[in-house]
Structure formats: C-alpha cells, structure tokens
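Just below is one structure, and these are the notes that go with it.
Just so it is clear, none of the values below were taken in a lab; they were calculated from the coordinates. Fair warning: this is a prediction, and the values are worked out from it, not measured in the lab. Cβ sites come from the backbone with ideal geometry, for glycine too, and all protein chains shown count toward neighbours.
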C-alpha cells in the first residue's frame, strides 16, 4: 500500500511500544503494531479490522515510537481509505452528514449555535462589529446544556478581565479536528476554508478556544499566520499574572487535574491549567499517578464520540474516577469538553456522582471570581 512509503513504515522496528502504550489496546481489539506489520507485508485484510475505529488519536503511540514514526496518523489515513470506499460505521456517516448540512456533528440547528450566550452581550464579528480577539466556542460547548456552562464561564471571565473579544455567531462551523480524524479529509478542508475566511476577514489578532481539539485544528492545521491561537487556560493564565482576575472566593476543595490528550500530548500544554488552579485561594491541587505525558486518555477523542467501538470491560473514564476516589479528592478538574462529558458519565454510571464532581477549570475560576453563570 502507498501508506508504507508515505509514513516510512519500513523503518518500523516492530518493538511494540505503540501498542504497549496505547490507552485502549487492553480493552479493545486495536493492536497498532500488528496493523503496521500487516501494512508493511502488504496484507490488505487490515482494512477489514473494525478496531481501526477504536483509536482515539491521543498520540501516545507517536510519542513513544523510537523511530519517530506516526502510527496515529497511519490510523487516520486508513480511515480515510475506508471513507473513500464507503465502508464507514453508520454513526460516523450520520456525524459527517450532519456536519456537512448543519456545521456540527450532532445535527443541531445553526440558528441555535449562540443560545449558550443568552443574556450575555457578545460582539458578533460577522455582523460588522470589530474586536481585538475571537472566542471560538466550538460545537459541543455551543449546544450541549452541560457544556454551555463552560462557554458562559469563559465569556464572563473575559468580560471581568476587560478583554475585547467577539464571536463568529451562527456563522461559526465545526473546527473539523474530529472530522479529519474520522478520515473525511475533504470535509475537513471545506470546514477549514469556511472558518478561515471568516477569521481572516474579522481582522482579529488572537483566538481563544474552549476545546483543546479546536485549539489543535486552528493552531496546527489552519495556517493562520500572524494570529495567535490560545487554549483558554493559556490566555487566562496571562490575565491572572497581569492581575486582571481577582479571585476573591476561596474554594476549600481537593482537586485532581486530568490532562486532556489534545491539550497535553498533542500541544504540550501542561502547566497553565495547573498554575491557574494553584492561583485559586485555598484550593489544594493533587496529582494523578498517570498525569502529564502519561495521562490516561478518556477515550473521547479521535471521533470516538460517534463510534461504538469494540471496547469491553472497564472504560478508561471509570478507571480515572476510581483513581480520583483513591486520591480522596472532591473534584476532578479538566479543560476539555469531551473529557468533561466522559468523566461525568462514568461518575453517574458508577453511582459516585454524589461523592465526586467533575468540573471544567473555567467553572472553578468563575466560582473563585464570584460570577453568576447559570441562566
């Protein structure tokens, strides 16, 4: 297959570090080393493996490869081949079609994309208003009722800090990060050009994203030269260090921070979230044994929000909750919409939602600032 030359797979040592470090290999049929081997030896049967859709594209395999290969991108390329052949799970087809028609994988109405901002006055940069920066909200934080509290928190915090920002309103489309990782390169390119045109015409100097997945796409795959792209934790840390975030409410809580893969492993952002949490009065920050570069993937990335998968046994999100319970923390903090949803679902499934909480860092910051986020 052409993928062997494209990804230089003949350099593969078959050492197995990719599979050994894979966060889903133990509970699914995904065996990256075997897939690489079958590609090298020309076994076309690899395309029949349902486990190709189990990958979360967390990048652990790529980080651990001693030859500097990119196994996670090989998986994405295999998915792209399956998309071209029309051999795609029904749930993936639905998500791709919804994104093409409505601009988001859930098929929610475009005119409802700004409902999260109800009661908050925010500039719409597609209606002639101007601002220094853009808040790129993202799909899930725009539509999901639980995540709308996060987007509202971010907007209100920026207002407290006196930040000049706007949004793309109902013209904002999916960033395409998960779309590309589901193998639909053509749709990703279309989404990129739609968003890029609106971003460049707005004249903004910087962008803040809610999601690490949006950060990854806009920062690394959009080619927005001259525009700095921040995850909100990076941006808020700068505001905090400038004295523009006056945390007045102490939070007497023990908190463990869960590193999102697309924030940490993909973009090397580990300290800003932790530094923000340490800045909250009386909050005690604890660390999971598996954190930073070896953080446990929640299994929400790589399009897995729309794939059933071959998983069996205990989910990673449930393992994470058990880790938090053993640490004796009150709150699992994270900074990713997908992580928040998967971890909170695990809490409810395990019946621990009255003992533990999962909160986005933005929610904790808004509490420390004394903001009224609920509508």
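Report the FRET efficiency, 1/(1 + (r/R0)^6), for residue 292 and residue 206, where r is their Cβ-Cβ distance and R0 is 22 Å, rounded to 0.05.
Numbers: r = 26 Å, r/R0 = 1.18.
Between residue 292 and residue 206 the formula returns 0.25.
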So if each residue of separation counts as 0.36 nm, and I subtract the Cα-Cα distance between residue 354 and residue 4, what length gain in nm does that give? 121.0 nm
Most fluctuating of 25, 202, 289 in the GNM of the chain (C-alpha, under 10 Å) is 289
Fluctuation leader among 363, 130, 84 - the chain, Gaussian network, Cα springs under 10 angstrom: 84
Angstrom value of the Kirkwood radius, inverse mean 1/r, which spans all Cα pairs in the stretch 2-85: 12.6 Å
Debye sum, Cα scatterers, the stretch 153-311, no solvent: what log₁₀ I/I(0) at q = 0.09, 0.13, 0.18, 0.19 1/Å? -0.35, -0.73, -1.23, -1.31
Per 0.36 nm of contour for each residue apart, how much would the distance between residue 11 and residue 249 grow if the chain were fully extended, relative to their Cα-Cα spacing? 80.2 nm
Mind sorting 213, 102 by how few other Cβ atoms lie within 10 Å of their own Cβ, fewest first? 102, 213
To test your reading of the geometry: what angle, between 0 and 90 degrees and rounded to tens, separates the Cα axis of helix 337-349 from the longest principal axis of the chain? 80 degrees
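What's the extension gain from residue 271 to residue 97 if we count 0.36 nm per residue and subtract their Cα-Cα distance?
Net length gain for the segment: 58.9 nm.
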Once you sort the root eigenvalues of the Cα gyration tensor of the chain as a ≥ b ≥ c, which label holds: rounded (a/c under 1.5), prolate (a/b larger than b/c) or oblate (the other case)? oblate
Determine the relative contact order of the chain: mean sequence separation of Cα pairs under 8 Å and six or more apart, normalised by residue count, in whole percent. 18 percent
Can you tell me the orientation of helix 71-85 relative to the chain, as the angle in degrees between its alpha-carbon axis and the longest Cα principal axis, to the nearest 10? 80 degrees
When the helices in the chain are scored as -39500 (n - 2.57) per DSSP H run of 4 or longer and the sum is shared across all residues, what 222 nm value do you end up with, to the nearest 500 deg cm²/dmol? -12000 deg cm²/dmol
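Suppose R0 equals 35 Å. What FRET efficiency, 1/(1 + (r/R0)^6) with r the Cβ-Cβ distance, do residue 87 and residue 193 give to the nearest 0.05? Show your work: numbers first, answer last.
On the way: r = 27 Å, r/R0 = 0.77.
According to the calculation, E is roughly 0.85.
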Choice from 188, 235, 338 with maximal GNM fluctuation in the chain (Cα, 10 Å cutoff): 235
Length-normalised contact order of the stretch 1-152, Cα under 8 Å, at least 6 apart, in percent, tallies to 16 percent
